[in-house]
């Protein structure tokens, strides 16, 4: 991995710089500081927006083929530097290298998908009367502000940026203060791919810098991934100037297992779906809704498989998961489990069996919570840790009511061999993504967004174009004697004007 020294500050108009206070990055594997860089201040935010506005005018004038070529070159560079990018995230957020490396390679498919979409940002031709032509075009919004989470820095950056620039926008990105390194490197690689220097700027800092981005008068589109509370504040700020928002917020996804399910597949999918990335995934199936007839057998198999999950040094590829991101996150998880136990729930933790684990690291063992009330905190609140709450159900209607009985609506999983039941559940579950008999399906062609408090809009799939473009209706009369429907009579009554 290249030296971290050049990542000294924000990346604005193709150069590193920043006038704000210092930010110290901490390795969650051992709690030790690993790098210091300067944060952005208000002047830096203004400079990034100015550079983005200038580069956007040039970028939108490039042909779709030229934009596609740059996106393909960016994808090539991501693949070439996949190991470096993965290790930056391991260092920053404790992601297991065995997962971070294949994900770094996998995300190259996203700019390739949007490269193929640059000439498909289509408008409409509207049927009109003789002598008239009416059509609708799609135009870029201009400068898009992107505020990213810490739990999936690489994937989130590439997903949000790709759709925006494919449609002719420029972006100002504010990554999490826990994970700015891979964002800075991805922006560098974008310039190397032939994109204009100011097209992608990255601002280092915390919530104060994010607030400056969200409230900036020249940013007319905001894409945010994070908590419900922050998402609401951003939505209010954007509403004051009628800026477009795409909000991917929290989740408390149900993983529903019926008695007729393939139990081995369901146990494997449940284990992977909740403990992957130490449970720090917004769509993790953190609520296991299991039919009461198979609850004992299923939980026994689940605990046996959970005992094989190795938690330890994320750079050791014999380990499945590393630490959680920070001391704060560790304290939130352990505090919630203590409260759940105090309320009468049974807490079952896996024995520590990973390698390279240090006492000062923020390691959480995979945990199953039994006997919790469906209205309790542990069954209702997003945890963002390797914690699974088991909830039995009796009927299909019970499962639906429990699954939908949270404020979130991001994703849900259903395991059953009954196709009719699967389709009924898919239609009635209040979630933006439904996965049947599989842990998760991810594709740049599929929209990924939430219902209810899980947000609005999406940054993937063709429908994501709506979030970063605006529609313009154009109507032309090309024949002098052509009537104008509806208006001619009004004009005639005002002939004296």
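A few comments on the model shown:
- Subset of the range 354-372 (residues that are over 19 Å from residue 28 (Cβ atoms) and either crowded, with 22+ Cβ neighbours inside 10 Å or out of contact with any helix residue (DSSP H, G or I) (no Cβ under 7 Å at 6 or more places or on another chain) (or both)): 369, 370, 371, 372
- Filtered residue count, the range 394-410, keeping only those that are within 17 Å of residue 259 (Cα to Cα) and surrounded by fewer than 22 Cβ atoms within 10 Å (Cβ to Cβ): 7
- Residues located in the range 1-15, provided they are surrounded by fewer than 18 Cβ atoms within 10 Å (Cβ to Cβ) and either modelled with pLDDT of 95 or more or in contact with a strand residue (DSSP E or B) (Cβ under 9 Å, 6 or more places away or on another chain) (or both): 4, 5, 6, 8, 15
- Pairs linking a residue in the range 70-92 that is free of Cβ contacts under 8 Å to residues at least 60 places away in the same chain to a residue that is in a helix (DSSP H, G or I) and surrounded by 23 or more Cβ atoms within 10 Å (Cβ to Cβ), with Cβ atoms under 6 Å and 6 or more positions apart or on different chains, are 75/111; 82/104.
- Hits in the range 16-37 - residues which are in a strand (DSSP E or B), more than 26 Å from the chain's Cα centre (by Cα) and touching a residue at least 60 places away in the same chain (Cβ under 8 Å): 32
- Note on the range 221-276: residues that are touching a helix residue (DSSP H, G or I) at 6+ places or on another chain (Cβ under 6 Å) and on the phi > 0 side of the Ramachandran plot amount to 0.
- Taken over the range 94-104, the criterion of being within 18 Å of residue 318 (Cα to Cα), in a helix (DSSP H, G or I) and in contact with a helix residue (DSSP H, G or I) (Cβ under 7 Å, 6 or more places away or on another chain) is satisfied by 97, 99, 100, 101, 103.
- Total residues in the range 105-138 satisfying the condition of being in contact with a helix residue (DSSP H, G or I) (Cβ under 8 Å, 6 or more places away or on another chain), outside any helix (DSSP H, G or I) and over 30 Å from residue 316 (Cβ atoms): the figure is 7.
- Single condition residue 274 does not satisfy, out of (1) surrounded by fewer than 18 Cβ atoms within 10 Å (Cβ to Cβ); (2) part of a helix (DSSP H, G or I); (3) touching a strand residue (DSSP E or B) at 6+ places or on another chain (Cβ under 7 Å): (1)
- Filter pass, residue 348 being in a strand (DSSP E or B) and either modelled with pLDDT under 95 or crowded, with 22+ Cβ neighbours inside 10 Å (or both): no
- Residue list for the range 282-294, restricted to those being in contact with a strand residue (DSSP E or B) (Cβ under 8 Å, 6 or more places away or on another chain) and either under 19 Å from residue 412 (Cα atoms) or surrounded by fewer than 18 Cβ atoms within 10 Å (Cβ to Cβ) (or both): 282, 283, 285, 286, 287, 288, 289, 290, 291, 292
- Unique match (being assigned to a helix (DSSP H, G or I), buried (at least 16 other Cβ atoms within 10 Å of the Cβ) and either on the phi < 0 side of the Ramachandran plot or not assigned by the TED database to the domain that holds residue 205 (or both)) among 65, 51, 58, 40: 51
- Test for residue 474: is it closer than 24 Å to residue 272 by Cβ, in a strand (DSSP E or B), in contact (Cβ under 8 Å) with a residue 12 or more places away in the chain and touching a strand residue (DSSP E or B) at 6+ places or on another chain (Cβ under 6 Å): no
- Any hit, the range 123-142, residues being under 18 Å from residue 184 (Cα atoms) and either within 19 Å of the chain's Cα centre (by Cα) or at pLDDT 95 or above (or both): no
- Single match in 334, 346 (criterion: over 30 Å from residue 86 (Cα atoms) and touching a residue at least 12 places away in the same chain (Cβ under 8 Å)): 346
- For the range 390-403, the count of residues that are part of a loop (DSSP other than H, G, I, E, B), outside the structural domain of residue 100 (by the TED database) and in contact (Cβ under 8 Å) with a residue 12 or more places away in the chain is at least one.
The values are calculated or read from the model by the stated rules, or taken from the named source; none is laboratory data. Since the structure is predicted, the reported quantities are computational estimates derived from the model, not experimental observations. No Cβ is skipped: glycine too gets one built from the backbone with ideal geometry, and neighbour counts run over all protein chains shown.
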